[in-house]
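Here the structure comes first, spelled out in structure tokens, and everything after it is commentary.
The values are calculated or read from the model by the stated rules, or taken from the named source; none is laboratory data. Here the structure is a predicted model, which is why all the values come from computation and not from measurement. Quick reminder, even Gly has a Cβ in these numbers, built from the backbone with ideal geometry, and neighbours come from all protein chains shown.
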Amino acid sequence: MKLYYSPGACSLAPHIALHEAGLPFAAVLVNTKTHQLPDGSDYYGINPLGYVPLLELGDGTRLTEVPALVQYIADQAPARQLAPARGKLARYQLQSWLNFIATELHKGFGPLFNPATPADYKPVVIERLRSRLAWVDQQLADKPHLMGETFSVADAYLFTVSGWGGYAKVDLSDLKNIASFRQRMSARPGVQAALRAEGLLK
């Protein structure tokens, strides 16, 4: 497998999942400004949409979108229990979390990274985003992970997205449960391996 990624982008979530799953893969750096790959070729030739992540399977099949990628990865290493078994209620609860993170948090940060976003609109974006993150903070009040006691690929996605606060100038210092969650996540060898591979951890 090949994971096309950009450091600190949402591709960090499947990068973490791959390390947690213990699966063999190659990580391919994408320059998201020039869309150039390390060999000089154009990333648009791999993904016409131009964004990361993209997971290329051994047979050449290409998958995009974080929720799909992390579930695929989890299903390749069922013994690691990174996702509940397919068909179980807990699997749909995992999907609920993945979709919430994708649509309410991931996309919520989007306007803050867009230089074309009007300055007077950003406070509205931040207020909405913080309300969603505050709700997540409440959900983590009595459990170490989104799904309870067990780490799942949804945690990899939340860890990735919740780390964007500093870049987007969104103060999350009052969300103590998210802060504790991030500390626990940062201690995981799989998370450290992905961060180190992306040059985000020395």
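Within segment 119-142, count every residue that is exposed (fewer than 15 other Cβ atoms within 10 Å of the Cβ), without any contact (Cβ under 8 Å) to a residue 12 or more places away in the chain and over 20 Å from the mean Cα position of the chain (by Cα).
7
Please go through (1) more than 22 Å from HIS15 (Cβ to Cβ); (2) within 18 Å of the chain's Cα centre (by Cα) for ILE73 and return the number of the only condition it doesn't satisfy.
Failed condition: (1).
β-branched (Val, Ile, Thr), out of contact with any Phe, Trp or Tyr (no Cβ under 7 Å at 6 or more places or on another chain) and over 17 Å from VAL66 (Cβ atoms), is that true of THR117?
Judged against the criteria, THR117 is a match.
Could you tell me which numbered condition ARG182 fails, if it satisfies all but one of (1) within 25 Å of LYS33 (Cα to Cα); (2) assigned to a helix (DSSP H, G or I)?
The single condition ARG182 does not satisfy is (1).
Go through (1) surrounded by fewer than 20 Cβ atoms within 10 Å (Cβ to Cβ); (2) farther than 20 Å from LEU12 by Cβ one by one and return the number of the condition ARG184 breaks.
(2)
Each row is one residue, and each column tells you yes or no for (1) hydroxyl-bearing (Ser, Thr, Tyr); (2) surrounded by fewer than 16 Cβ atoms within 10 Å (Cβ to Cβ); (3) touching a helix residue (DSSP H, G or I) at 6+ places or on another chain (Cβ under 6 Å).
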position: GLN71; (1), (2), (3): no, no, no
position: GLY87; (1), (2), (3): no, yes, no
position: TYR92; (1), (2), (3): yes, yes, no
position: PHE113; (1), (2), (3): no, yes, no
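Which pairs turn up if I take residues in segment 164-181 that are over 22 Å from LYS122 (Cα atoms) and look for partners that are modelled with pLDDT of 95 or more and surrounded by fewer than 17 Cβ atoms within 10 Å (Cβ to Cβ) with beta carbon separation below 6 Å, at least 6 apart in sequence or on another chain?
Every condition considered, the pairs that remain are ASN177/ALA141.
Any residue in segment 93-115 that is assigned to a helix (DSSP H, G or I) sitting within a Cβ distance under 9 Å of a residue that is charged (D, E, K, R) and surrounded by 19 or more Cβ atoms within 10 Å (Cβ to Cβ)? List the pairs, counting only those 6 or more apart or interchain.
Close Cβ pairs satisfying both conditions: TRP97/ASP155.
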